[in-house]
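Student: Submitted below is the structure of interest, expressed as structure tokens.
The values are calculated or read from the model by the stated rules, or taken from the named source; none is laboratory data. Just so you know, these numbers come straight off a predicted model, no measurement behind them. All Cβ positions, even for glycine, are placed from backbone atoms using ideal geometry, and neighbour counts span all protein chains on display.
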Amino acid sequence: MIITGKFLPRRTFLRGMGATLALPLLDSMIPAFGSRALASEAGIKRLAVAYVPNGIQMEKWTPAAAAGGFDLTPTLEPLAPFHNRLMIVTGLANKPAFPATGEGTGDHVRAASTFLTGVHPKKTEGPDIRAGVSMDQLAARELGQHTQLTSLELCIDSNELIGACEAGYSCAYANTLSWRNPTTPLPMENQPRAVFERLFGDSDDTTRAARLARIREDRSVLDSLLGEVSRLKRDVGSDDRGKLAQYLDAIRDIERRIQKAEQQSDIELPLVERPTGGIPATFKEHARMMFDMQVLAFQCDLTRVITFLMSREVSPRTYTEIGISDPHHGLSHHQNNPAQMEKLAKINRFHVEQLAYFLEKLQATPDGAGTLLDQVTLLYGCGISNSNLHTHDNLPILVAGGPAGPAQGRHLRCDKDTPLTNLQLSLLSRVGVPIDNLGDSTGRIGLVDGV
């Protein structure tokens, strides 16, 4: 990194007609003799959460080694390039997801609503919902003071379900992982265009009519910033010009993919309900587009907290792109049928492949003296382990990224029924948000927050 005599403020924005573009950390933002500033920027900590539903085939997830180093299992094999940046955590339980006396079924909804809160939800179909403050929003209260967006909540499935979703539980419990307070669930956005415009603007408003008008004009968010970009390129060094080109190319690529999806959404398809809002044709395309926007949001320091519901509990989604036409939720109730179990394991691995894509993008994105992967702590998992039995103990959980340390590249076996919230307290501490209690927590896991 070259330390220059003149420098740009870290919070530099390019502004055009309807668009505001934040910039990644550039060499020109580091003042002469600015090692202290550099160290500060390199130390920006970020939190990401990704959730998958309907349980996991645990025998193809859990490492054989009791503890310490481990070999990747079939489900986790796509993460091989990041083996030394992973921590697989077993033994964790989410007891608040089990039914209270007389409640009966509803394990899927409880799995989602308790995953980041550790608080048993009130069983209701009405507006009197109640859960707890979620881990990501505790992080957002602190980390969000420094960014344009306090947090970003994303999903893949439609966020329009209302009423009761499962066994007398409101759909509000299934539609999100994030709770600002015990009675306020945060909506999650699955429309790529809406997410992109939330990050970069260039729309008069967020109505569908405004989005369609912009599509018809076929304008790029960068078009109104060309003059600003040209001016900036004259004021920075050659290394920064290369970084800017890479960053702007990434933005244009996402815009191109969004426009393509929106154009495809206008094609009449026989016997298929036409998607609205430009949803990509496949799960893989949709998930990777959302992951790409998460990378940009972190890279530009627009937010430091992102929560991603990769699919909703009880999702009937089919994965024909990998040869599976059975609904996901139905497969999760496999009754120990080997063929059904194999299909479920294939879906589990497919989800992990998308996670590997995200980690690869983080690793490839410079951030200070390292990469974004060094500064992003990611929690990935599900609130159900054995899907056939709806169990909420020995959960499938992994942690990726963050600073190098003794917990990296390890299988960490916790004592039986250690609260999942204990791990989450430790991860909050790791990203600079030390708190004492979260839901049913009983303390931190030292090896994790000591990293």
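Student: Out of ASP436, ASP417, I need the residue that is assigned by TED's automatic domain parsing to the domain that holds ILE88 and in contact (Cβ under 8 Å) with a residue 60 or more places away in the chain. Which one?
Tutor: Answer to the selection: ASP417.
Yes/no per residue for (1) more than 22 Å from MET293 (Cβ to Cβ); (2) surrounded by 21 or more Cβ atoms within 10 Å (Cβ to Cβ); (3) modelled with pLDDT of 95 or more; (4) not charged (D, E, K, R):
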| site | (1), (2), (3), (4) |
| --- | --- |
| PRO366 | no, no, no, yes |
| TYR380 | no, yes, yes, yes |
| SER385 | yes, yes, yes, yes |
| LEU389 | yes, no, no, yes |
| LEU395 | yes, yes, yes, yes |
| THR421 | yes, yes, yes, yes |
| SER426 | yes, yes, yes, yes |
| PRO434 | yes, no, no, yes |
| GLY439 | yes, yes, yes, yes |
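Student: Could you tell me which of the residues VAL376, VAL352 is of a type in the set (A, V, I, L, M, F, W, C), on the phi < 0 side of the Ramachandran plot, in contact with a strand residue (DSSP E or B) (Cβ under 6 Å, 6 or more places away or on another chain) and touching a residue at least 24 places away in the same chain (Cβ under 8 Å)?
Tutor: Just a single option satisfies the conditions, and that option is VAL376.
Condition check ((1) among the aromatic types (Phe, Trp, Tyr); (2) under 23 Å from ARG46 (Cβ atoms); (3) modelled with pLDDT of 95 or more) across all residues:
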residue: LEU79; (1), (2), (3): no, yes, yes
residue: GLU103; (1), (2), (3): no, no, no
residue: GLY126; (1), (2), (3): no, no, no
residue: GLY144; (1), (2), (3): no, yes, no
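Student: Take the residues in region 325-366 that are part of a helix (DSSP H, G or I) and hydroxyl-bearing (Ser, Thr, Tyr); name whichever of them is farthest from GLN246 (Cα to Cα).
Tutor: SER332
Student: Quick one: would you say THR176 is in contact with a Pro (Cβ under 9 Å, 6 or more places away or on another chain) and within 24 Å of THR377 (Cα to Cα)?
Tutor: In short, yes.
Student: Something else now. Which one of these does SER332 not meet: (1) over 18 Å from GLY106 (Cβ atoms); (2) crowded, with 23+ Cβ neighbours inside 10 Å?
Tutor: (1)
Student: Follow-up question, since we're still on this one. Could you go through region 63-75 and let me know if any residue there is among the charged types (D, E, K, R), assigned to a loop (DSSP other than H, G, I, E, B), out of contact with any Lys or Arg (no Cβ under 9 Å at 6 or more places or on another chain) and at pLDDT 90 or above.
Tutor: Yes.
Student: Would you mention how many residues in region 409-419 are of a type in the set (Ser, Thr, Tyr) and surrounded by fewer than 20 Cβ atoms within 10 Å (Cβ to Cβ)?
Tutor: Matching residues across region 409-419 total 0.
Student: Kindly list the number of the only condition in (1) in contact (Cβ under 8 Å) with a residue 40 or more places away in the chain; (2) under 23 Å from the mean Cα position of the chain (by Cα) that fails for LYS123.
Tutor: So the condition that LYS123 fails would be (2).
Student: Here is a follow-up. Determine whether region 309-324 contains at least one residue that is under 16 Å from the mean Cα position of the chain (by Cα), within 24 Å of MET135 (Cβ to Cβ), of a type in the set (A, V, I, L, M, F, W, C) and not in a helix (DSSP H, G or I).
Tutor: Yes - at least one qualifying residue is present in region 309-324.
Student: Run down LEU116, LEU154, LEU149, LEU143 and say which single residue is in contact with a strand residue (DSSP E or B) (Cβ under 9 Å, 6 or more places away or on another chain), surrounded by fewer than 20 Cβ atoms within 10 Å (Cβ to Cβ) and assigned by TED's automatic domain parsing to the domain that holds HIS329.
Tutor: LEU149
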